[in-house]
Structures are given as structure tokens and as C-alpha cells.
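Here the structure is laid out as C-alpha cells; the discussion comes afterwards.
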Amino acid sequence: MSEQSARVTSMTGFARSDGGATSTSDDGAATDWSWSWEIRSVNSKGLDLRMRLPSVAERWEQTVRERVSASVNRGSVTVNWSLEKADRATTPELVVNEAFLETVLGLQQKLEDKGLVFPTAPSLDRLLNVRGVLETVERVADTTVIEQLQAPAFADLDTALAALVEARHREGARLETVLLGHLDEIDSLTADAAKVAEAQPVALRKRMEGQLALLLAASPPVSEERLAQELALLATKADVREETDRLSAHVHACRELLTGGGAVGRKLDFLCQELNREANTLCSKAIDLDLTNIGVELKTRIERFREQIQNVE
């Protein structure tokens, strides 16, 4: 994996790891087992872990939780472990119920003692067809089996977790490219806003002249102090340099977070709120249509940026 691809980690990913092992019962019978680990991850405010394990393996829950937490910092993660007998061990074991067979043969002897005559002795195949004489025994996973499967099963869990981290890094690399593209657009619009704002003094002068005419024509006349306050307020409101400077600073901070790597999703979300706040203020201060349009476009780009960072760890 390249250095760049590992800088941003997405919370979205999927991984699967298959494996198997043989368990031995107390009577020496061997049973082959196969299993599959599936891990899915989507975005979440924190680390939300859900597990689906067979009831006999519920004792593994804490260990599985610790291993997932060591690999994943954030996201809604679902871990599923399915266990079944391997194909070559699916034939059930046939067992003769000897006690029941003796009962059947004993019944024949009782009937003969009462004078009932059987033309021929019962054959083995007929006896085996009597319901209850021949039984099938399915070997199921129990505590002993789970203990024998734990080491190889956890090794496959680690394999699945490594694959999940790799998948989240790959998605993160794609996400980083998209996010940096959005930041470029926000930065460009901020520069356009600063450029348009330079032309605002002309519009501001015309607006001040109109405001001044209204104030001077007011009845009763407005005091000089009030007049100075109104003009100062109008001039301050029209100055958007502070907003454009802050927008540029926030864009720079976002770029540093993205290229610095690590779990930066929450920090990016906070900076996105600050970007949106400055864009709103810029729109409220705009005194011409061009700057208003740029402010609206800025808010649109910032919203797209915000939607994408919801997937960043």
C-alpha cells in the first residue's frame, strides 16, 4: 500500500475469511469443521460493534471485541462467524440400538413360547429396518469442540480484520481524492469572493449616498453622531475580508488533516461547521448579486464536502 493511500481511512469496508480444522471427541472420533468470518463496516459516530456468534461460541465475544477494537477506531462494525461440518464429514454416523434390538428378539422368543411358529428366522436386513433399531448420530459442536477450534478460528479472524483494514484504506484513498477536490473548489470560490469584494467600495459608496440622503431627509433630522454610527455600521457590514481569510485558513487546516493521516473524521466535521458559518456570514454581508451567488455556491460545495467526510474514520 502506498503512503498516500493509507493517509485517510474510510469507515466503509467488507472482508471475509474462510477456514477449517478437525476436532477429536473423547471416544477418538474425528470431525472436520469449516467456518467463515464476515466483517462489514459502515459509518458511525463512534465504534459500534455487533456480533453474531453461534451460542456455543458466545464465550468468545469479549476476545473478538478486543481484537476488532485494536484494528478499528470508528464505525458500525458487524462480525459474523458461521460454523458447519465440512463436506467430507457430513455423512452421519450409524449406530445400532442394541438394547432395543434385544427387546425385539426377546419378543420373538416370548411369542414362540406361547406356541406361535415363525416360518423362518428374521434376517438381519429385516431387523435393521425396524424403526428404532438403527439410529443416526449427528456430531454437533460443543464446548470441547469450540476449545479445539479456537486457535485456528481466531487466526482467520485476524486475517479478516487485516483485510477489512486494507479495504477501508483503499476506500479512504479514493475518498481523500474526492475531499481534496472539494477543498480546491472551496478555495477557488473563496478567492473569487475576495476578488469580487474588492469591487464593493463602489457599490458601497452608492449605497452610502442613498442611505445618507434618507438620513438627511428624515424628520426630525438625524444627529451627526447617529449619522456617523449608521455609516460606520454599513462600512463594517460590507467588509468580508475577515470571512474570506477564515475560509482560506479552514481550507488549509482541512488539507493538513487529510494529508497528515489518522482518525481525523471528527476534526474535519468541526472544521466543516466553521466553513459553513463563514459562508453564511459572507452571504449576509454581500451587497451585490455576484458576491451573493458566490456565497450560495460556497455553501453548496461545503455541504458536499460535509456529506463525504461522514465516511472518514
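Against the condition in contact with a Gly (Cβ under 6 Å, 6 or more places away or on another chain) and either charged (D, E, K, R) or buried (at least 20 other Cβ atoms within 10 Å of the Cβ) (or both), how does GLU307 come out, does it pass? It is false that GLU307 is in contact with a Gly (Cβ under 6 Å, 6 or more places away or on another chain) and either charged (D, E, K, R) or buried (at least 20 other Cβ atoms within 10 Å of the Cβ) (or both). Annotation: THR144 fulfils all but one of (1) surrounded by 10 or more Cβ atoms within 10 Å (Cβ to Cβ); (2) modelled with pLDDT under 80; (3) more than 30 Å from ASN276 (Cβ to Cβ); the unmet one is (2). Note on the range 282-292: among residues that are assigned to a helix (DSSP H, G or I) and surrounded by 16 or more Cβ atoms within 10 Å (Cβ to Cβ), the one that is modelled with the lowest pLDDT is LYS285.
Name the residues in the range 45-82 that are surrounded by fewer than 16 Cβ atoms within 10 Å (Cβ to Cβ) and assigned to a loop (DSSP other than H, G, I, E, B), would you? Listed by number, the residues that qualify are LYS45, GLY46, PRO54, ASN73.
For the range 249-280, a residue qualifies if it is crowded, with 17+ Cβ neighbours inside 10 Å and either among the β-branched types (Val, Ile, Thr) or more than 31 Å from the chain's Cα centre (by Cα) (or both), and the qualifying residues are VAL251, VAL264. VAL222 fulfils the conditions (1) farther than 29 Å from THR292 by Cα; (2) part of a helix (DSSP H, G or I); (3) modelled with pLDDT under 80 except for a single criterion, (2).
The residues in the range 256-303 that are farther than 19 Å from ASP184 by Cβ and either in contact with a His (Cβ under 6 Å, 6 or more places away or on another chain) or basic (Lys, Arg) (or both) can be counted, and the count is 4. In this entry, VAL251 is excluded by the filter for residues that are β-branched (Val, Ile, Thr) and at pLDDT below 95.
The set of residues in the range 243-296 being in contact (Cβ under 8 Å) with a residue 60 or more places away in the chain and among the polar types (S, T, N, Q) consists of SER248, THR259.
The values are calculated or read from the model by the stated rules, or taken from the named source; none is laboratory data. These numbers were taken from a predicted model, which means no experiment stands behind them. Don't worry about glycine lacking a Cβ; one is built from the backbone with ideal geometry, like all the others, and counts go over all protein chains shown.
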